[in-house]
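Remarks on the structure that follows.
Bear in mind that the values in this text are calculations on the coordinates, not laboratory data. From a predicted model like this one, the values you see are computed outputs, not experimental measurements. Glycine gets a Cβ as well: all are built from the backbone with ideal geometry, and neighbour counts include every protein chain shown.
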Amino acid sequence: MDLHADDHREIRDAVRRLCAEFPGSYWQALDRERAYPQEFVAALTKAGFLSVLIPEVYGGSGLGLGAAIAILEEIHRAGCNGGACHAQMYTMGTVLKHGSDEQKRRYLPLIASGELRLQAFGVTEPTAGTDTTRITTFARREGDKYIVNGQKIWISRAEHSDLMVLLVRTTPRNEVTKPTDGMSVLLVDMREAVGNGLTVRPIRTMLNHATTELFFDNLEVPVANLVGVEGEGFRYILSGMNAERILIASECIGDGRFFIDKATAYAKERTVFGRAIGSNQGVQFPIARAHVQVTAAAEVVAKAARMYDQGISCGTEANMAKMLASEASWYSADMCIQTHGGFGFAEEYDVERKFRETRLYQVAPISTNLILSHVATHTLGLPKSF
Ligand SMILES: Cc1cc2nc3c(=O)[nH]c(=O)nc-3n(C[C@H](O)[C@H](O)[C@H](O)COP(=O)(O)OP(=O)(O)OC[C@H]3O[C@@H](n4cnc5c(N)ncnc54)[C@H](O)[C@@H]3O)c2cc1C
């Protein structure tokens with residue numbers, strides 16, 4: 001059996017070569033300014049890595065999530081960060097699976113060529129939190145337009161995106177039978193929207209993630225930009241969320257491997273008490289434990305991606321993959337700081353930056369408690385707590 005049959009080795013090698021052009025000093029400078037990695041995203045787009053999920057007929061490579069996770073893992077293993085552009089991969093599923101032929105013809109070739117950026121995914125709201133059915137951003141239909149009012153929070157890359165996949169209510173929650181009914185997905189053209197009913201306000205965070213708050217004040221969106229059927233949007237977003245969890249999990253695997261590579265190299269080279277610190281089992285074992293955890297998590301991530309690509313329902317696997325990978329990367333991050341001693345805190349080693357970056361993934365795109373709750377009630381049949 002070829003254990004590496006779906007390993008996408010050529011893609012991985014090509015991503016590594018591209019990332020070598022963007023060393024730690026590039027990311028450190030951006031991090032200081034909280035600036036967007038324009039050149040890195042342009043290079044990934046030009047090389048075709050961001051359009052791997054777009055079918056060939058629309059100018060992409062027509063590959064599956066298996067290829068996408070290989071790309072994001074290698075980006076993160078190299079010390080780079082896919083957070084600036086990964087949304088193009090997971091938002092794509094919503095357009096590909098549920099968009100009309102006209103929407104696909106209109107947008108996908110331009111996204112594949114890099115002329116249009118589909119990088120923003122607008123779901124979270126300040127008062128709803130994780131309970132997405134409580135969103136109140138509302139799109140009222142008037143003729144051939146929707147008039148959108150409301151607010152979103154934590155919408156990343158909104159300033160660096162031409163299109164946004166936006167979840168809104170089109171029927172109030174108290175007027176639908178199931179709370180998940182009555183929500184719809186709109187494709188918002190950010191070039192027309194900003195300043196004409198949409199205000200974008202950046203939020204400074206502990207990591208460089210270009211995240212924002214959005215305010216909608218009578219924003220007009222053509223009805224032609226409705227994705228799929230009105231009222232069915234939650235279902236469309238859920239399948240996109242499974243892709244998102246698997247893709248983010250692959251970034252965590254890349255982060256974990258970055259920390260293990262760094263710690264292993266440092267432990268071999270740093271001499272204290274006349275010998276390499278890595279000769280001490282107290283230093284070796286945490287590195288080995290990180291490797292065991294990341295290797296195990298990577299298997300679950302690969303399984304979830306295979307299921308997604310085969311059209312098999314994979315909500316539980318996508319959740320488990322994200323949880324295991326984010327915990328493995330966080331353990332590895334902590335181990336890496338400890339292995340480096342004081343130098344773990346120095347900007348030039350990239351460890352502290354990656355430590356801050358990988359912490360996010362136990363909260364976003366879904367927090368660990370919510371994953372445990374899903375597994376407890378959906379897989380194990382325990383009583384629902386909410
Ligand atoms: C940097 C960043 C980027 C983001 N980018 C995007 C984006 O591009 N688009 C987007 O739509 N969203 C984005 N998000 C939002 C992200 O998905 C949410 O922050 C995340 O899902 C958690 O939701 P919340 O912050 O509202 O937490 P809350 O729902 O308020 O939860 C707070 C805490 O309480 C816990 N909790 C809540 N309810 C329960 C319960 N019943 N049982 C046990 N524990 C519970 C949670 O696990 C969590 O730890 C981003 C967030 C951040 C920080």
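Here are the numbers for the structure shown:
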| read-out | value |
| --- | --- |
| Förster radius 41 Å - calculated FRET efficiency between Ala265 and Asn196, Cβ distance, rounded to 0.05 | 0.20 |
| Surface/4 estimate of mean projected area, convex hull on alpha-carbon atoms of the chain, nm² | 20.4 nm² |
| Gain in span if fully extended, Arg204 to Glu21, counting 0.36 nm per residue against the direct Cα distance | 63.2 nm |
| Note, ³J(HN,Hα) from phi for segment 276-283, Karplus 6.51, -1.76, 1.60, rounded to Hz, x at Gly and Pro | 4, 4, x, 7, 7, 5, x, 8 |
| C-alpha long axis of helix 233-269 to longest principal axis of the chain, angle in ° | 10 degrees |
| Cut-off under 5 Å, modelled amide H: who pairs with Ala120 long-range | Leu163, Val165 |
| Calculated [θ] (222 nm, deg cm²/dmol) that DSSP helices of n ≥ 4 give over the chain, each run adding -39,500 (n - 2.57) | -15500 deg cm²/dmol |
| Inter-probe distance in nm under a simple model that places probes 7 Å from Cα toward Cβ, at Arg235 and Lys97 | 1.1 nm |
| Max mean-square fluctuation residue, GNM over the chain, Cα-Cα springs under 10 Å, options Gly231, Gly274, Gly48 | Gly274 |
| ³J(HN,Hα) computed for each position of segment 160-169 - Karplus, 6.51 cos²θ - 1.76 cosθ + 1.60, integer Hz, glycine/proline x | 10, 9, 8, 10, 10, 8, 10, 9, 10, 8 |
| Using alpha-carbon coordinates, inclination of helix 315-340 to the longest axis of the chain, degrees | 40 degrees |
| Reduced Cα scattering model of segment 251-386, Debye log10 I(q)/I(0), q = 0.09, 0.11, 0.13, 0.18 Å⁻¹ | -0.33, -0.47, -0.61, -0.95 |
| Ascending count of other beta-carbon atoms within 10 Å, so fewest first, for Glu21, Glu125 | Glu21, Glu125 |
| Values of log10 I(q)/I(0), in the order q = 0.16, 0.17, 0.18 Å⁻¹, for segment 1-155 under a Debye, Cα-only, solvent-free model | -1.03, -1.10, -1.17 |
| Segment 9-113, dipole about Cα centre (Lys/Arg Cβ +1, Asp/Glu Cβ -1), debye to the nearest 20 | 80 debye |
| Fewest-first sequence of Val176, Val41 by Cβ atoms within 10 Å of each Cβ | Val176, Val41 |
| Check: the chain dipole with +1 on Lys, Arg Cβ and -1 on Asp, Glu Cβ, in debye | 640 debye |
| Semi-axes of the equivalent ellipsoid for segment 118-234, Cα gyration tensor, largest first, Å | 22, 17, 11 |
| On Cα atoms only, tilt of 38-47 relative to the major axis of the chain in degrees | 80 degrees |
| Fewest-first sequence of His160, His76 by Cβ atoms within 10 Å of each Cβ | His160, His76 |
| In sequence order, calculated HN-Hα J values of segment 192-201 (Karplus, 6.51, -1.76, 1.60; Hz; x Gly/Pro) | 8, 6, 5, x, 10, x, 10, 10, 10, 10 |
| Segment 4-85: mean projected area of Cα convex hull, nm² | 5.3 nm² |
